[in-house]
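These notes are about the structure you will find just below.
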Amino acid sequence: MSVEISAENRQEYQAWTPVEEDLEGLPKNIHDVILQMRVDCSTTDRNRMPYYGADDDIDKFTNIPYIDDGTRAHQLDIYIPHDAIMLAVHNLPVYIDVHGGGFVYGYKELNRNFCIALARRGFAVISISYRVYPQADFLGQLQDVNAAIGWLQNHADEYPIDPNRMGITGDSAGGCLSLYTLAIQSDPELLDQEKLGFKQTNLRFGALVSGKFNLSEYVDDTPIIDGNEPDLLRILAKPLFGRFIDAAECSKIYSLRNLTGKLPPLFLTTSSDDFIQYESLALADALARNHVDFELHDIRPAKGEALGHIFPVGLPWLEESEYVLDRLKTFTYEVM
């Protein structure tokens, strides 16, 4: 069944995501499942977009190209506490934020409130867009994240930040991209980084929210995918992950334990009503077995209430989100 979207909604949604402009020429089943995902996510996100609060205490530098090709997906925003600008001291720790969206949806604008919430806790936050599928596959998206980090490392002296205290955060698909960015940095055997154009990064910590982490289902040509797997990933598994799987050392991605042995400290967040809660719990198990420093928050909502997927990012004003973000600040300052 074709996905219908009005001209009015299309224009509204394009404020924070590509809609259909990059889907021409795709097979109908792939076109429709991506467009349906984008419409469904936009229908939800439009309800939280009006909750942009006052932000006079945060200085914003927006739409900065980290690859100068005129592509909206290759831009970033920088959020910095106003006092840090006034003091002009280069000492702010940094979080690079990678938005979620099932690898097919969204621009950096999705996470504005989350970035402001982090900046208010004493971080410089660099919020990046990247090419969503079909503009780029998973490997191309990792290359975009790497390029954005490289841009920041080259321009750090232009902002009041400490380039030796940089970390990465991501939610959902952005959590996956963040985890594998850290894995590539930490383990030179995972990929031929020089051949694939990856530059060395210096990320010291990470914070992952409700991520999709386990890619072992996609290693084989005929994967057996968990019954909870979204239809989107069932259909897109090969075109989305195939090139990365072919390029990677498969023994490293057959299990999270093989992948995570050399990672820096990680802060993990999920909730008991997150539809992929098990991914964060499995990652925590692998980190514990590898003696990697981590802190896990698996929040159980009160009776009759809901938190759901990526609650600290989508709803950072909630009491539970405030608690998690305060703990994230404490953890980060302890490990960096």
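Here, each number is a calculation from the coordinates, and none is a lab measurement. On a predicted model such as this, the values are computed, not experimentally measured, just so you know. Quick reminder, even Gly has a Cβ in these numbers, built from the backbone with ideal geometry, and neighbours come from all protein chains shown.
Name the GluC sites (Glu not before Pro) in region 241-317 that are in a loop by DSSP and that have at most 10 other C-beta atoms within 10 Å, would you?
Here the GluC sites (Glu not before Pro) that fit, given the DSSP loop and packing criteria, are E305.
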*Which of the GluC sites (Glu not before Pro) found in region 101-204 are in a DSSP loop and have at most 15 neighbouring Cβ atoms, other than their own, within 10 Å?*
E189
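Once R0 is set to 25 Å, what does the formula 1/(1 + (r/R0)^6) return for the Cβ-Cβ distance between V219 and E20, expressed as a FRET efficiency to the nearest 0.05?
Calculated value: 0.20.
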*For V104, list long-range residues whose amide hydrogen, built 1.01 Å from N in the peptide plane, is under 5 Å from its own amide hydrogen.*
Y133
*asked:* Taking amide H atoms as placed 1.01 Å from N in the peptide plane, list the residues 5 or more away in sequence, or in a different chain, whose amide H sits under 5 Å from that of V98.
replied: T169, G170, D171
*D32 to I235: extension gain in nm, 0.36 nm per residue of separation minus the Cα-Cα distance?*
72.0 nm
*Once the convex hull of the C-alpha atoms of region 1-47 is built, how many Å³ does it hold per residue, rounded to a whole number?*
69 Å³
*Could you pull out every one of the lysines with an alpha carbon less than 21 Å from that of K199, ignoring same-chain neighbours closer than 8 positions?*
K252, K262
*Could you work out which residue, out of M49, M37, M86, moves most in a Gaussian network model of the chain, that is, has the largest mean-square fluctuation with Cα springs under 10 Å?*
M86
*asked:* Skipping prolines and chain starts, which residues have an amide H placed within reach, meaning under 5 Å, of the one on I299, given they are 5 or more residues away or on another chain?
replied: T270, S271, S272
*For the chain: relative contact order, % (alpha-carbon pairs under 8 angstrom, 6 or more apart)*: 15 percent
*In straight Cα distance, which lysines are under 23 Å from K28, not counting same-chain residues fewer than 8 positions off?*
K238
*How many Å³ per residue does the convex hull of the Cα positions in region 1-112 occupy?*
128 Å³
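Under the definition of Cα pairs under 8 Å and six or more residues apart, what whole-number percent is the relative contact order of region 186-336? Walk me through the intermediate numbers first.
Numbers: 187 pairs, mean separation 41.1, N = 151.
Averaging sequence separation for qualifying contacts and normalising by length gives 27 percent for region 186-336.
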*In debye to the nearest 20, how big a dipole does region 113-162 give about its Cα centre with +1 on each Lys and Arg Cβ and -1 on each Asp and Glu Cβ?*
240 debye
*asked:* Can you give me the Rg/Rh ratio for region 249-336, using Cα atoms for both radii and the Kirkwood formula for Rh?
replied: 1.02
*Where Rh is the Kirkwood radius over Cα pairs, Rg/Rh for region 171-315*: 0.97
_Below 16 Å, Cα to Cα, which aspartates and glutamates can K195 reach? Residues fewer than 8 away in the same chain don't count._
D144, D187, D246, E249
*Based on the Cα atoms of region 56-335, what semi-axes does the equivalent ellipsoid have, where each is the square root of 5 times one gyration tensor eigenvalue, given in whole Å with the largest first?*
27, 23, 18
_Inter-part distance where region 72-106 and region 276-295 are each reduced to a Cα centre, Å_ = 26 Å
*Top of A282, A54, A237 by mean-square fluctuation, Gaussian network on the chain, Cα under 10 Å*: A54
